Structure formats: C-alpha cells, structure tokens
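Each remark here refers to the structure printed beneath this line.
The values are calculated or read from the model by the stated rules, or taken from the named source; none is laboratory data. Only a predicted model underlies this, so the values are computations on that prediction, with no experimental measurement involved. Don't worry about glycine lacking a Cβ; one is built from the backbone with ideal geometry, like all the others, and counts go over all protein chains shown. Surface accessibility is based on the protein's heavy atoms, side chains included, excluding ligands, DNA and RNA. Shrake-Rupley method; radii C 1.70, N 1.55, O 1.52, S 1.80 Å.
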Amino acid sequence: MARRALFSRLLVLEQRTYFTRSKRSFLLPQRATNNTNMLSTEKLATISQSITTPSTTCTFAAQKQQQKQAELSVDQQYEECVSDLNKLQSNATTIRRSILLNNKQLPLSDMHKYMERSGLSLDELEKIPFIHVSGSKGKGSTCALTESILRAHGVRTGFYSSPHLLSVTERLRLDGQPISKQKFVRTFRRVYSRLHKQQQYEGDMPAYFKFLTILSFHLFLEEKVEVIILEVGIGGELDCTNVIRNTQTVGITSLGLEHTHLLGDTLSEIAWQKSGIIKKSSDVYTYVSQQECLDVIRKRAAELSATLHIVPDYQKYCGAPEHEDLLYNLNEVIRLNGSLAIQLAYDWLRKNGYTQYKGMESTKLTNEVLVGLQQCNWPGRCQVLGIDKLNFHIDGAHTVESMRVCSDWFKRVTSKRTNPRVLIFNTTGERDSRRLLEILYSTIDFDRAFFVPNISSGAANHNDNMSVFGITEQLKRARLHASIWYQLCIESDEEDSSKTVGSVLDCLKDVRATYGTEEPVDVLVTGSLHLIGAAMAAFKYL
C-alpha cells in the first residue's frame, strides 16, 4: 500500500512539473506551496534515486562489499574467509548422512552438482594426471614424499592434503609450499560467491572438506600444474576426492580400524572402502600386510582390470654402499612410507615421458629421488623440535598401528638418555582411547602424563584451528583419558602422576615449573594431528 501511495504521489508531481515548465503554475492548488507534506521536485529527485531495481541493489551491495574488502588487510580478509569456511558442515557429517539414507552415491552426486555450480569442468580437470592415495595412516606423508620426489625432477606440482596444523593454506600446496593468504582469499571469494548465489535452499553449500576440494581443483587448474597429488579425506569409496574418474596411479597405505562408525567394523570393510579409489586399468601400489585386506584390494583391482603392485621393503633400497648410510639416517616417516612414495613417483614418471625410468630396476635410486627424500618437509609426523631444554617429539598417531610405531620410535630415540619423560595426549572423534593409552603405558615409562584439549592457550583459538567440539566437551574427554591412565596405574600398582589441564600452554608451563629451565626433558606429544597443531601454536609463547 505504501509503495502504491508513493507512486501515486510521484505521478502527481510529474504532472505538476509539466505545468510548471509550461508556465501554468496558476493551475496548481494554492496549499501546495506551503504544505510540507507535499513533495518538492528536489525531494522527488532524491527519492527517485533511492528507489532502485533489485539488480541495481545487488550491484550497489557488491560495490560496497568490494570497497570494504579493499579497506581490509590481507590478514583480515583471510580471517573472514576462514570464518565463512568454518560455518560449513564437516565431511564426516556428509558421509554419515549418505549412510543413514542408504545412498552411497550422495557424496559424489553432490560433488558433481557443486563443481558444476562453481564453474568447474570435470573433463577439463581430468586433463591433468592425478596420483590418488588412501589409507588409515601415512597417506599424507606418502603424498608429501611423492610430491617432493617429483618436484626434484622439475615437475610443477599441486598437492591437496588434510588436516592442517596451523593454517588452512597448508592443505593447498604449489611446488611444495602452502599457497599465500592473498591467493587463498582471491580463489576462495570467487568459488564461495558462485556457490552461495546458486543455493536452492538455506544451507545448500558443500561441506567444509568438499568445498576445499573444489577450491583446490580451481587453484591447480589456474596454476597449470603438471600433476595433482590428492590425499583422500575419509575412506575412499565415498570420499569427495573420488570424483576423479581416470586416475592411473593409485596408492594405498597401511590399514587399521578407524572411523568404524562410517567405514565398517572389520578390516575387510575398511579395505573395501579404501580400495574404492582404484580406477579402470590403473596401477595400484601398496604395502598393506594383512591378508584379509590384501584379498579385498586384489579382488577390487581385478574387477577393474587394474594391476596391483606390492612395493619393496625399505631395506631393499640400501643395496648400494653409497646409499646405505644415507637411507639409515633418514627419519621414521621415510622408513615407513618412502618405498610407496618412490614407486608412485616412478609410475607417474614412466607414464609421463620420463623414458629413463622404463625398464629400470624398481629399487634403484636416482639422485633426484635421494634429493626428494632428503628435502621433504612434513611437520607433525615423527618430528623432533628443541626449545631450550625441552625436546619435543611430535607425532600425530591416532590409530593402534600408528601408536605402536610412535611409541617404538620415541623409546628408541630416547633410550640412551636419563632425561625425564613427559606425555601430552589427546584424541578426537571415536578413537579407542584406552587401546592407544595402553600401548603408550606399556611401552614407555613416563614420569608425568598430561591430558589436554586441542587448545593452544587460554585465549580463543585461532579461526584456522576452530574445533567442532566445544571446550566443555573437550575437557570432558581429557578427564576421561586421565581416568583411563589412573586405572592403568592402579592395575600396575604404580603411582598416578597424571594431570588434566585446560590448554597446551598451561601444560607446558606446568612442565617448566616442575623441571625448571636447566634440566633437559623429553616430551612426547601425540594422539591427534589437531593436538599437534595446538601444540605448535603454543610453542611461540614459550
């Protein structure tokens, strides 16, 4: 009604303007000249400018948004982007939804829909060769080593991984380096805006991991990389990275029971999900040892006419005397995943014009491979950092198998020392915390044990490391871990020296207060990569 009344008044004013121009103002009602409720021609012009069409309004809003963004620093723009990203639901939620609906194609059909909306052509994307890697443990390390080896050959690489430790940009790497915040903001805003505008209902947006996967594809296409190394998020069969149809080089790392509520309760079910990334006529490389898992992988490979390769043991590469000492001194990550990475790199090189690798013995090491292994930087996995007298041993072990490796590693590297040993531990998701803690308790004699949430300090966590679990829930979990440790101490008739604290920084301050700054202390931080990220953020306050 108000709009109709306004346009009626505008019509009257247009007529009055005509009469004024015709010098017939004597026909206007006398009361019009003094009535303040009547609109003057000047006010008419002002109101006319303010009445805009929807398209004009959108353009004006976009201009205002661009002006606001120009006034913000890159760091502020990055924080805004990460804040929008954090509002998207988790990858696990999406897969769980597909299982509840008994629709195994839901994650991938959604992926196709959102890729199309974002302006991404799957046909164009698949012109770039992919190396796709799944597994329960070590897939990120394997991808990092593979990428480093290819980069040592002069190949322009794109590498997509998860999770990150400190910054979301770590998930998106060009030539081995996390992309800049500027590049992230530019790509994020374009992709997010396209998807947000085409929502068909509230919340019709890809999940957190799915969105970043789409963003990575846009980025790698624009940067004209020669290969994309793609780490699976959860599982394989239903993971959104499995949208790629023509992968010819596939890797499967070690398998164990994990994400059982999503992937299945048996190793066979886990193996079926992980081997879901095998594509027709591809070459599949693995060092999986469990026979029940190998049987599943072999069957799925045969169904797709793919060739399965069991990679050589790491020691087989030490045949040449000049390599023996070098390989022995490489860290635990390379010993565990190096052979798989080497074979994945060799396979890609053979298929992409590097003829010197055709017919070459599989365990022969070229100079480029040795350079790639030595220069690979993959923090948070069997990593040692020294800060004053605190020797931090950092590993994101979160499965039974990986915790055994982590415990053996820590015990081996500290066996000749008499330093106090301290444990900092947390897990996330539906991990079997008791089994993980049993391995740690039975393998290593810790002087102190701290159970903490994945929070770096008492201050609010950085946007990049925002947890889907609140502080109350995380503290509840930390207390659960402390109670399990207490039970293990009681069962062994030993004194419980554990403690629950509210943040990693509080924990580190407690260690300093206990042992001072003169005595060296060996600290193991493990149980979750999210905990590793929180710890690294806390280190800068020491």
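Values for this structure:
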{"quantity": "Test: residue in region 113-129 that is surrounded by 13 or more Cβ atoms within 10 Å (Cβ to Cβ), modelled with pLDDT of 90 or more, touching a strand residue (DSSP E or B) at 6+ places or on another chain (Cβ under 8 Å) and in the same structural domain as Thr366 (by the TED database)", "calculated": "yes"}
{"quantity": "Residue within region 137-155 that is at pLDDT below 95 and touching a Leu at 6+ places or on another chain (Cβ under 7 Å) present", "calculated": "yes"}
{"quantity": "Where a residue in region 283-294 is farther than 14 Å from Tyr346 by Cα and assigned by the TED database to the domain that holds Asn337 and its partner, wherever it lies, is polar (S, T, N, Q) and open to solvent by 40 Å² or more (accessible area, probe 1.4 Å), with Cβ under 6 Å and at least six apart", "calculated": "Glu292/Ser268"}
{"quantity": "Residue in region 260-272 that is modelled with pLDDT of 95 or more and within 17 Å of Ser161 (Cα to Cα) present", "calculated": "no"}
{"quantity": "Selection count where residues are aliphatic (A, V, I, L, M) and open to solvent by 10 Å² or more (accessible area, probe 1.4 Å), scope region 134-164", "calculated": "1"}
{"quantity": "Some residue of region 280-288 being farther than 21 Å from Phe130 by Cα and more than 23 Å from the chain's Cα centre (by Cα)", "calculated": "yes"}
{"quantity": "Number of positions in region 369-393 that are assigned to a strand (DSSP E or B), open to solvent by less than 60 Å² (accessible area, probe 1.4 Å) and closer than 26 Å to Tyr317 by Cβ", "calculated": "2"}
{"quantity": "Every residue from region 417-429 that is more than 12 Å from Gly527 (Cα to Cα), in contact (Cβ under 8 Å) with a residue 60 or more places away in the chain and in a loop (DSSP other than H, G, I, E, B)", "calculated": "Arg417, Asn419, Pro420"}
{"quantity": "Thr399 vs. criteria open to solvent by 10 Å² or more (accessible area, probe 1.4 Å) and in contact with a Ser or Thr (Cβ under 7 Å, 6 or more places away or on another chain)", "calculated": "no"}
{"quantity": "Test for Asn337: is it in contact (Cβ under 8 Å) with a residue 40 or more places away in the chain and either outside the structural domain of Thr157 (by the TED database) or among the polar types (S, T, N, Q) (or both)", "calculated": "yes"}
{"quantity": "Filter pass, Glu401 being in the same structural domain as Ala152 (by the TED database), within 24 Å of His309 (Cβ to Cβ) and not aliphatic (A, V, I, L, M)", "calculated": "no"}
{"quantity": "Candidate set from region 513-542 (those that are among the polar types (S, T, N, Q) and under 22 Å from the mean Cα position of the chain (by Cα)); member that is surrounded by the most Cβ atoms within 10 Å (Cβ to Cβ)", "calculated": "Thr526"}
{"quantity": "Out of Leu349, Leu365, sole residue that is in contact (Cβ under 8 Å) with a residue 24 or more places away in the chain, open to solvent by 10 Å² or more (accessible area, probe 1.4 Å) and assigned by the TED database to the domain that holds Pro163", "calculated": "Leu365"}
{"quantity": "Residue within region 405-421 that is open to solvent by less than 10 Å² (accessible area, probe 1.4 Å) and either in the same structural domain as Gly176 (by the TED database) or aliphatic (A, V, I, L, M) (or both) present", "calculated": "no"}
{"quantity": "Members of region 517-542 that are farther than 25 Å from Glu438 by Cβ and either β-branched (Val, Ile, Thr) or without any contact (Cβ under 8 Å) to a residue 24 or more places away in the chain (or both)", "calculated": "Thr517, Lys540"}
{"quantity": "Pairs with Cβ under 7 Å, 6+ apart, first in region 114-142 and of a type in the set (Gly, Ala, Ser), second open to solvent by 40 Å² or more (accessible area, probe 1.4 Å) and modelled with pLDDT of 90 or more", "calculated": "Ser118/Arg194; Gly119/Arg194"}
{"quantity": "Inter-residue pairs, beta-carbon under 8 Å, first free of Cβ contacts under 8 Å to residues at least 60 places away in the same chain and in region 402-415, second open to solvent by less than 10 Å² (accessible area, probe 1.4 Å) and not small (Gly, Ala, Ser), 6+ apart", "calculated": "Ser407/Leu440; Ser407/Ile444; Lys411/Ile444; Val413/His393"}
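Yes/no matrix, rows are residues, columns are (1) farther than 28 Å from Leu304 by Cα; (2) of a type in the set (A, V, I, L, M, F, W, C); (3) surrounded by fewer than 17 Cβ atoms within 10 Å (Cβ to Cβ); (4) touching a residue at least 40 places away in the same chain (Cβ under 8 Å):
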| position | (1), (2), (3), (4) |
| --- | --- |
| Pro178 | yes, no, no, no |
| Phe184 | yes, yes, no, yes |
| Leu219 | yes, yes, no, yes |
| Thr249 | no, no, no, yes |
| Leu257 | no, yes, no, yes |
| Thr266 | no, no, yes, no |
